[in-house]
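Colleague: The structure follows.
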Amino acid sequence: MTTVLVTGIEPFESDPTNPSWDIAQALDSTQVDSAVIVARQLPCVFGLANEILVDAIEATSPALVFALGLATGRTEISVERVAINVIDARIPDNAGNQPVDTPVVADGPTAYFSTLPIKAIVHALREAGVPAGVSQSAGTYNCNHLFYGLMHHIAMRAPQVRGGFIHVPTTPELAARHAGRPSLSIDTQIKGIRLAVRTTLATQSDLKMSAGAVH
Ligand code: PCA
């Protein structure tokens with residue numbers, strides 16, 4: 001049976017939970033069409049998160065990898081287009097490290113594109129009533145570093161694997177702790193990620209649909 005690895009990240013920056021892990025956990029061991037989802041939690045720690053991700057890929061031999069993370073302030077499920085080879089941490093990670101302007105991989109390429117069908121995913125989610133969009137930047141913190149590490153591993157060692165990164169919004173429970181933060185219910189988020197997996201399994205080449213940004 002096809003395995004789909006879905007990762008979430010532990011809580012960070014004073015939040016008690018991280019919806020990315022709540023989603024991954026909810027999907028763990030469930031079936032999507034002919035595939036089974038395996039979930040893993042990753043630490044919000046530079047370097048270590050990428051080591052654990054690579055170990056999980058080697059242990060589970062997935063056909064697809066969906067790395068998830070929380071993007072506080074985002075209003076919709078954000079399918080990331082590109083990972084860049086830089087860390088510029090605004091806050092320390094959960095081990096107290098705060099790299100500034102260092103590469104994720106020394107001498108690695110400047111950037112990698114997601115190999116998920118990002119437009120098809122956005123289209124499918126919108127059709128199902130789940131707010132979604134393509135994001136042109138995964139930031140310069142832990143999630144971009146994880147996304148870059150994932151795509152670098154795929155490019156160097158596992159070209160048969162398709163993978164990418166999806167940022168998810170805050171849940172209402174977390175938003176209630178921070179006035180003014182937009183949120184999306186965890187059930188809608190779980191539905192969205194499940195549908196992203198189903199769409200990817202069914203899509204070999206991406207849709208040609210405009211989802212760009214002027215700024
Ligand atoms: N989001 C942060 C790090 C961990 C997470 O879930 C980010 O977007 O970098």
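The values are calculated or read from the model by the stated rules, or taken from the named source; none is laboratory data. Small disclaimer: the values here were computed from a predicted structure and weren't measured. No Cβ is skipped: glycine too gets one built from the backbone with ideal geometry, and neighbour counts run over all protein chains shown.
Colleague: Could you check the stretch 70-97 and list, in sequence order, the residues that are within 13 Å of the ligand (Cβ to nearest atom) and closer than 23 Å to Thr203 by Cα?
Modeller: Ser78, Glu80, Ala83
Colleague: Against the condition closer than 14 Å to Leu5 by Cα, without any contact (Cβ under 8 Å) to a residue 60 or more places away in the chain and over 17 Å from the mean Cα position of the chain (by Cα), how does Val105 come out, does it pass?
Modeller: no
Colleague: Among the numbered criteria (1) surrounded by fewer than 19 Cβ atoms within 10 Å (Cβ to Cβ); (2) hydrophobic (A, V, I, L, M, F, W, C); (3) within 16 Å of the ligand (Cβ to nearest atom), which single criterion is violated by Cys44?
Modeller: (1)
Colleague: What number goes with the only condition from (1) farther than 27 Å from Thr203 by Cα; (2) among the hydrophobic types (A, V, I, L, M, F, W, C); (3) away from the ligand (no atom under 16 Å from the Cβ); (4) buried (at least 17 other Cβ atoms within 10 Å of the Cβ) that Val104 does not pass?
Modeller: Here Val104 meets the rest and fails (3).
Colleague: Restricting to the stretch 1-21, give me the number of residues that are more than 11 Å from the ligand (Cβ to nearest atom), under 21 Å from Thr200 (Cα atoms) and modelled with pLDDT of 95 or more.
Modeller: Residues meeting the conditions: 5.
Colleague: Looking only at helices (runs of 4 or more DSSP H) that lie completely in the stretch 113-215, which have at least 2 residues being within 16 Å of the ligand (Cβ to nearest atom) and of a type in the set (A, V, I, L, M)?
Modeller: Where helices (runs of 4 or more DSSP H) fall fully within the stretch 113-215 and carry at least 2 residues being within 16 Å of the ligand (Cβ to nearest atom) and of a type in the set (A, V, I, L, M), they are 142-157, 172-175, 186-202.
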